[in-house]
Amino acid sequence: MTAAWRLQFDDLRCRVAWRDSQLWWQLSHPHLPGGETQPAPVSGLTLHGQPIQWTTLVAAAESHDDQGAPRLTVTLEDDSGRLRLVRHFELFAGHAFARIWGTVERADAGGAAPLLDGAAILNLAVANDPRVTLFHVEQFSWPYHKDFFSQRQIPLVANLTPHELRMGSFPAHYTAPTSCAWVALRSGPPDWDAETPGHGPGLVAGIEFNGKSRLRAWATDDAAMIESRIDDLAHLLQPGQPFEIPAVFVGCYMGDWDEAGYATQRFAEACVHPPLPDERYPWVQYNSWKYGQEIDEAQQLAVLERCAELGIEVAILDLGWARTIGDWRPNPAKFPRGLRPIADRAHELGLKFGVHVAIAQMAPDAPAALAHPEWLAFGGNDYYGAGAICLGHQPCQEWLIDSLVRLIGEEHLDYIIQDGEDVVKRCLRTGHTHAPGDSNYANSTTGLDRVIAAVRRAHPHLVWENCEDGGCMLTYRMARLCHTSITVDNIATYATRQGIYGASFPFSPRYSVRYFEDEPTPYTLRSALFGGPLILMQRIGDYDARQMADTRAAIAQYKHLRTIIRGGKVIHLLPPRHNVEHHGREWDAIQAVTPDQTRSVVMVYRALGGPPERTIRPRGLRPGASYTVRYADAGRVEVRRAEEIQEQGLTVALDELSSEVIELSIPS
C-alpha cells in the first residue's frame with residue numbers, strides 16, 4: 001500500500017509519501033537548487049541494528065495554524081505491531097521553511113524493551129549540477145585552532161569521501177573541530193573572497209538537538225546529499241515513554257551566505273527562539289568574574305552603585321556565591337542575609353539580577369553528593385574541582401529542578417547563566433534510569449532540556465543564558481530554550497570579534513554574547529559592541545576616571561546601535577582571520593542593515609599591520625536611495641547614493657589597534 005500528502009504555502013511545497021514501508025519527504029521551491037529536493041526518507045530508525053519497516057498506516061491528520069499555514073501528522077506502525085512512529089510536518093506563513101519532528105513509542109504494554117540504536121535527524125538530497133557548495137561555521141574550542149568560529153566552504157565533489165561535521169555539546173577542551181548545528185548549501189563554487197560573494201539558489205538546515213550528532217555531506221554525479229544522525233544511541237523504549245526524534249528545519253533562499261544566515265535568523269526569531277525579554281534587549285550586563293570567588297554582600301552592593309552610574313542593566317554573580325558547586329544556596333559566610341538584599345537593591349536601581357550555575361556539576365562535598373554519590377556520572381576535577389552529575393538520571397534531574405525553582409523564588413532572581421564543562425555528560429553507570437550507553441540522548445533531550453524547560457515554566461519571567469566554558473553547544477535546541485548564548489569565552493579582543501563574525505552567520509546577533517575582560521579602552525570596548533548582551537567581566541568598582549568615561553561612552557553607543565543590529569541583516573565584509581599574538585592582524589569589518597534598509601551601521605577595525613587606509617564596501621542598501629554617512633571618530637558627514645557607496649566604498653584611515661563606527665541613514 002501507498003499514500004501521499006501535499007502541503008503548500010505560497011511557493012513552498014512539501015510532498016510526503018508512504019511507500020516501501022518507509023516515509024519520504026520532498027520540498028519544492030524556486031529558490032532551491034534545481035527547484036526541488038529529491039525524495040528522502042524521514043523514518044530512518046534502527047532496532048537492534050536493523051532498519052524498522054513501517055508497514056501499517058494508522059492515521060494521517062491535516063490541519064492549519066492561525067495564519068493558514070498547513071500541518072500534517074502521519075502515524076505508522078511497524079510489522080510487529082509493537083512500535084508506533086508519529087511524524088509531524090509544518091510550513092510557515094512568511095517564511096519558506098519546513099520543520100519536521102516526531103516520536104517513536106511502544107504500541108504494546110508488555111515484553112522486553114526494544115533497543116533503539118539508530119536515528120536519523122535529517123536526510124536531504126539536491127541536484128548537483130551546477131556543483132553545490134556546503135557552508136558551515138565551527139564552534140568554540142580552547143585547544144583546537146587559534147582562530148575561533150571559522151567559516152568553512154566545502155565544494156561537494158562527486159565520489160569523494162564524505163565530509164563529516166560533529167555538532168552539539170562538546171567540552172571546551174575537545175581537540176577536534178566541531179560545528180554550529182547549521183549548514184547552508186548553494187549552487188555554484190565557493191566564494192573567492194569576502195568582498196565578492198557568490199550568489200545562487202540554496203537551502204539551510206538547522207538541527208534542534210543538544211546532544212552529540214554527526215552530519216555527513218557527499219555528492220554523486222547527480223546529487224549532493226546530507227545526512228544527520230544521533231551519536232551513540234542505545235535507547236530502551238519503555239511503555240508510556242516516547243522517544244523524541246529531534247526536530248530539524250529546512251529553508252530556501254536566493255543569494256549569498258549572508259542571505260542564507262538572514263533567512264535563517266528571521267525564521268528562528270519568529271518560530272524558534274524565546275521572545276525578546278523586553279524592548280531594550282540585548283542588555284548591558286556586569287558579571288563578577290574578575291572579583292574571583294572572594295565576593296561578598298558589601299562588595300557587590302557597592303558594585304551595584306557603579307553599575308547604575310555606568311548605565312548597566314543586569315548584574316550577575318558568577319562562581320563563588322554558592323556554598324559549593326552543586327549546593328545552590330547562598331554561602332552564609334559571604335551573604336549572611338542571602339542574595340535578596342543584592343537583588344532588591346538591583347531592582348531599586350532599575351537593574352535585573354541573576355547568578356551563575358554550573359548546571360551539571362557537583363563538588364564532592366556538596367550535600368547531595370554525600371547523600372547520593374551514585375548521582376555522579378563521574379568524579380574528579382571536571383570543573384573547578386567538581387565532578388559531573390547525570391541529568392539523564394531522573395532523581396538527580398528532579399532534585400536540580402527543585403533546587404533551581406526554589407533558589408529563583410527565594411532570592412528574587414531574574415537571570416540564570418548555565419555553565420560547566422560539556423553540559424551533556426557521558427554516563428556509563430548501569431543503575432541510572434537511562435539505559436547504559438544512552439547518556440547522549442538521556443542527558444540532552446530527557447535531561448538538560450527538561451531541566452531548563454521546567455525551571456522556565458515555573459518562572460516565566462526568567463532569562464536564561466547558555467554558556468559551557470565557551471560556545472560549545474550552538475544548536476537550535478539551545479536557541480529554543482535559551483534567550484542568548486556565549487560565543488568565545490574570556491579571551492582577547494580579536495578573538496571576541498572572530499566569535500561575533502562567525503556566529504552571526506547561523507544565529508541572530510543576540511546569540512553572540514561578549515564576555516569582555518580586557519582593559520576598557522575605546523578600541524577594546526568597540527570590539528564588543530556588535531552582537532548580543534555586552535557583559536563587562538572586570539572589577540568595575542576599581543575603574544579610574546578615564547576607564548569610567550570610556551566605558552560610559554561605549555555603553556551609550558551600544559544602546560544607540562543595538563536596535564539596528566538586533567533585528568538587522570548582518571553583512572560580513574572583512575573577516576578577522578589572523579588571531580596571532582592575541583591582537584590579530586590587519587583589517588576586519590562587519591555591517592548590519594535594518595529590514596527596511598533605512599539605517600545601517602558598519603564597524604571597522606584595524607589590528608596589527610596592514611595598510612593605514614582601507615576602502616570598505618558596504619552592501620544591502622536600498623537601491624536609488626541617498627544616505628547620510630557619519631563617521632563617529634573622524635567627524636565626517638557625507639551624503640552619498642547607495643550605488644556609489646557600494647561600488648566605490650567608504651575610505652577609512654586607522655592607526656593600529658583602533659576602530660571606526662560608520663552610521664548610514666536615509667534622511668526622514
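3J(HN,Hα) couplings calculated from phi for segment 333-341 with the Karplus curve 6.51 cos²θ - 1.76 cosθ + 1.60 (θ = phi - 60°) are, in sequence order, 6, 8, 10, x, 9, x, 8, 4, x Hz; Gly and Pro show x. Centre-to-centre, using Cα atoms only, segment 619-660 and segment 497-542 are separated by 23 Å. Across segment 50-111, counting alpha-carbon atoms alone, Rg and Dmax equal 14.3, 47 Å. Rolling a 1.4 Å probe over the protein heavy atoms gives the chain an accessible area of 36 Å² per residue. The alpha carbons of the chain stretch over 75, 65, 45 Å along the principal axes, in descending order. In plain terms, the C-alpha convex hull of segment 1-139 casts an average shadow of 10.9 nm² when viewed from every direction. Average projection, convex hull of the Cα set of segment 362-403: 2.7 square nanometres. Every cysteine in the chain with no other Cys Cβ under 4.7 Å from its Cβ, please list them in numeric order. Flagged as lacking a Cys partner: C14, C180, C252, C271, C307, C396, C467, C472, C482. Packing around the peptides 87-93, 626-632, 183-189, taken as the average count of other Cβ atoms within 10 Å per residue, puts them in this order, highest first: 183-189, 87-93, 626-632. Here the accessible area is traced with a 1.4 Å probe on the protein chains. For segment 402-542, carbon and sulfur cover 50 percent of it. Scoring 105-111, 323-329 by mean Cβ neighbours within 10 Å over their residues and listing the highest first yields 323-329, 105-111. Binning all Cα-Cα separations of segment 594-668 at 10 Å, short to long from zero, yields these whole-percent fractions: 19, 52, 23, 5.
For segment 234-289, which whole-number percentage of the solvent-accessible area (1.4 Å probe, protein heavy atoms only) is attributable to carbon and sulfur atoms?
Working: 910 of 1670 Å².
Its accessible area is 55 percent carbon and sulfur atoms.
Structural size metrics of segment 326-463, computed from C-alpha coordinates, are Rg and Dmax of 15.5, 51 Å.
Give, to the nearest whole percent, the P(r) tail of segment 482-557 beyond 15 angstrom, counting all Cα pairs. Of all Cα-Cα distances in segment 482-557, 50 percent exceed 15 Å.
Return one quarter of the surface area of the convex hull spanned by the alpha-carbon atoms of segment 218-291, equal to its mean projected area, in nm². About 11.8 nm², averaged over all directions.
When the solvent-accessible surface of protein heavy atoms is calculated with a 1.4 angstrom probe, in what order do H95, H136, H173 fall, highest first? Display every interim value, and only then the final one.
Working: H95 45, H136 10, H173 110 Å².
These residues rank, largest area first, as H173, H95, H136.
Considering only Cα atoms, the convex hull volume of segment 568-613 works out to 68 Å³ per residue. In the structure shown, the pairs K212/K334; K290/K559; K146/K212 are assessed against 29 Å; a Cα-Cα span above that value is assigned to K212/K334. Put simply, the C-alpha atoms of segment 123-258 give a gyration tensor, and the ellipsoid matching it has half-axes of 27, 20, 13 Å, longest first. What a 1.4 Å probe finds exposed on segment 55-105 is 43% carbon and sulfur by accessible area, rounded to a whole percent.
Can you give the local net charge around L561? Use residues other than it whose beta-carbon is closer than 11 angstrom to its beta-carbon, Lys and Arg +1, Asp and Glu -1. Let's see the in-between values first.
Working: positive: R526, K559, R562, R566, R599; negative: E663.
Counting the neighbours of L561, the net charge comes to +4.
Where only DSSP H runs of four or more residues are counted, the chain gives -5500 deg cm²/dmol as its mean residue ellipticity at 222 nm, each run worth -39500 (n - 2.57). Across segment 354-369, computed HN-Hα scalar couplings (Karplus, 6.51 cos²θ - 1.76 cosθ + 1.60, θ = phi - 60°) run x, 9, 8, 10, 7, 5, 10, 10, 7, 6, x, 9, 5, x, 5, 5 Hz from first to last residue, x flagging Gly and Pro. With coordinates expressed along the principal axes, the C-alpha atoms belonging to segment 171-323 extend over 69, 53, 34 Å, beginning with the largest.
Using the Cα atoms as the points, what is the convex hull volume per residue of segment 491-620 in Å³?
Values: hull volume 14.0 nm³, N = 130.
Enclosed volume per residue, from the Cα hull, is 108 Å³.
The values are calculated or read from the model by the stated rules, or taken from the named source; none is laboratory data. What you see is a predicted model, and the numbers here were worked out from it, not measured in a lab. Quick reminder, even Gly has a Cβ in these numbers, built from the backbone with ideal geometry, and neighbours come from all protein chains shown. Surface accessibility is based on the protein's heavy atoms, side chains included, excluding ligands, DNA and RNA. Shrake-Rupley method; radii C 1.70, N 1.55, O 1.52, S 1.80 Å.
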